[in-house]
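The values are calculated or read from the model by the stated rules, or taken from the named source; none is laboratory data. Just so we're clear, the structure is a prediction, and the values are computed from it rather than from any experiment. Cβ placement follows ideal geometry from the backbone for every residue including glycine, while neighbour counts extend to all protein chains displayed. Note: accessible area is taken over every heavy atom of the protein model, side chains too, but ligands, DNA and RNA are not part of it. Shrake-Rupley method; radii C 1.70, N 1.55, O 1.52, S 1.80 Å.
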Amino acid sequence: MQYISTRGETEPVGFREALFTGLAPDGGLFMPESIPRLDAEIFTGERSFAELAAMMIHPFIGEEIEQADLLDIAESAFSFPVPLVPLGDGVQILELFHGPTLAFKDFAARFMALAMQHFLEQDGEHLTILVATSGDTGGAVADAFHMLDGISVVVLYPAGRVSAIQRAQLTTLGGNVTVLEVDGSFDDCQRMVKQVFRDDELRASRRLSSANSINVGRLLPQSVYYAWAWKQAGGDQPVVFSVPCGNFGNLTAGILAARMGLPVERFIAATNANDVFPTFLRGEGFHPRASEHTLSNAMDVGSPSNLDRMRTLFGDDVGAMREHISSWSFTDDETAQAIQRTYSEHGYLVDPHTAVGLLGLERHLDSTDGEAGIVLSTAHPAKFSDILVEIIDEAIPLPQSLTHSMGLEKRFHEMPADSSALKHFLLKS
Ligand SMILES: *Cc1c(COP(=O)(O)O)cnc(C)c1O
């Protein structure tokens, strides 16, 4: 399989090169040049999550990773359960938060880390992974690469914008993980990373790779749980998926799954107050802007980078996109009410991101004669216990892995929101 840039000004490359390059040299995002239509049996047959993953991902990698090795990678990466939990009233929750950092980004990060390690083992080179995070990405990526040989990780996060738990998860790993607390927003962090990636001096001095949702290696594994959920839901009818969106990597992966042949009725792209996409989908143009701080902070994105991929997938036709996707934005008040209502009616606690997804599905069911759907639950509620305690007015027990990292010493460097500061830091380190 060859990968081409969304900007079309880069020569096609293989999977390995797309994986390590991250952002294409022309500033675009890599996309598979075609999306293979899979045999329906791949979705319907009886198999484990890892087996399903290896079968869905194999056509995108071809012979660059042998099938047996790909299955090994999938088995190590996806070593946790992925339950579909009925909430009632036709709503089901796909719990994607049972990985080591309790967020869905573990799927992508662990697959990508192990795929990179697989290739690096062959040539013994050193690699620096650079990642900007609005909260969960950095934790998942740092955890996935932590202790892997031949790889260092540098994580940037916006000061004061991530939860205490996310910060503890990031800053207590140590070892090959360096953490930079940036005096700015997530968009600043992302811009800094993008700029240093284009810096010739830096690129000449070390091998850099990204691990943001722009990396195509993160996209592929995220397609798998859509198929897994469809199967758990009965595996006969097309399904509605509601996805809480920030950078739109998760939704893009769902669209890939649908193009591979998974029966999907519709996608709901649910956002918080950062409503660039719902506005775009209404046909009012793409107006990226500074991100707004909300309760669902991992979705505080003012300029979602995967939108380029989505536009490519729909031939830049907003009307065609509307035939498959609905999108609404929800306020923090609505989010808090959804958390409270879900807890009091069903005894089920959702984190603020999942709550936005739930609101999206409810809006869809209210505005159509739809009866059922699946909400992608992207984080464990305990990760946002500081927010949830105030909403449900009850203590939330922390899982042991979190209590442990909260107690460790936090190590990070402070940095201004300036890409030359980042460049100099990297040149020195
Ligand atoms: C990253 C993240 C999202 C948004 O996912 P995208 O792929 O960026 O759209 C939603 N919820 C949580 C908890 C996240 O960490």
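What to note about this one:
- Among the conditions (1) within 13 Å of the ligand (Cβ to nearest atom); (2) touching a strand residue (DSSP E or B) at 6+ places or on another chain (Cβ under 8 Å), ASP275 misses just one, which is (1).
- Only a single criterion out of (1) over 14 Å from GLY373 (Cα atoms); (2) at pLDDT 95 or above; (3) open to solvent by 20 Å² or more (accessible area, probe 1.4 Å) is not satisfied by GLU201, namely (2).
- Some residue of region 56-73 being more than 18 Å from GLY217 (Cβ to Cβ) and of a type in the set (A, V, I, L, M): yes
- Restricting attention to region 283-317, the residues that are in contact (Cβ under 8 Å) with a residue 40 or more places away in the chain, closer than 16 Å to PHE248 by Cβ and away from the ligand (no atom under 14 Å from the Cβ) add up to 3.
- Restricting region 51-88 to residues that are among the aromatic types (Phe, Trp, Tyr) and not in a helix (DSSP H, G or I) leaves a set whose member that is surrounded by the most Cβ atoms within 10 Å (Cβ to Cβ) is PHE78.
- Among the residues of region 342-367, those identified as within 13 Å of the ligand (Cβ to nearest atom) and of a type in the set (A, V, I, L, M, F, W, C) are VAL350, ALA355, VAL356, LEU358.
- Within region 115-142, considering residues that are surrounded by fewer than 23 Cβ atoms within 10 Å (Cβ to Cβ) and at pLDDT 85 or above, the one nearest to GLY302 (Cα to Cα): THR128
- Here ILE391 fits the description: more than 16 Å from the ligand (Cβ to nearest atom), part of a helix (DSSP H, G or I) and open to solvent by less than 70 Å² (accessible area, probe 1.4 Å).
- When LYS194 is tested against (1) in contact with a strand residue (DSSP E or B) (Cβ under 7 Å, 6 or more places away or on another chain); (2) open to solvent by less than 10 Å² (accessible area, probe 1.4 Å), exactly one condition is not met: (2).
- Residue ranges of helices (runs of 4 or more DSSP H) in region 281-383 with at least 3 members open to solvent by 10 Å² or more (accessible area, probe 1.4 Å) and closer than 30 Å to ARG167 by Cβ: 332-346
- Total residues in region 89-107, condition more than 16 Å from the ligand (Cβ to nearest atom) and either assigned to a loop (DSSP other than H, G, I, E, B) or among the β-branched types (Val, Ile, Thr) (or both): 3
- Among (1) surrounded by fewer than 24 Cβ atoms within 10 Å (Cβ to Cβ); (2) near the ligand (Cβ under 10 Å from one of its atoms), the one test that GLY261 misses: (2)
- Considering residues of region 322-366 that are touching a strand residue (DSSP E or B) at 6+ places or on another chain (Cβ under 9 Å) and among the aliphatic types (A, V, I, L, M) only, the residue farthest from THR279 (Cα to Cα): VAL350
- LEU408 vs. criteria assigned to a loop (DSSP other than H, G, I, E, B), over 22 Å from THR271 (Cα atoms) and either more than 16 Å from the ligand (Cβ to nearest atom) or in contact with a Leu (Cβ under 8 Å, 6 or more places away or on another chain) (or both): yes
- Residue match in region 414-424 (condition: in a loop (DSSP other than H, G, I, E, B), open to solvent by 30 Å² or more (accessible area, probe 1.4 Å) and within 24 Å of GLN169 (Cα to Cα)): yes
- Restricting attention to region 215-227, the residues that are crowded, with 24+ Cβ neighbours inside 10 Å and in contact with a strand residue (DSSP E or B) (Cβ under 8 Å, 6 or more places away or on another chain) total 3.
- For region 118-170, a residue qualifies if it is polar (S, T, N, Q) and over 23 Å from LEU71 (Cβ atoms), and the qualifying residues are THR128, THR133, SER134, THR137, SER152, SER163, GLN166, GLN169.
- Residues being more than 18 Å from MET192 (Cα to Cα) and either among the basic types (Lys, Arg) or part of a loop (DSSP other than H, G, I, E, B) (or both) - total across region 108-139: 4
- Exactly one residue among GLY160, GLY174, GLY150 is in contact with a helix residue (DSSP H, G or I) (Cβ under 6 Å, 6 or more places away or on another chain) and open to solvent by 20 Å² or more (accessible area, probe 1.4 Å), and that residue is GLY150.
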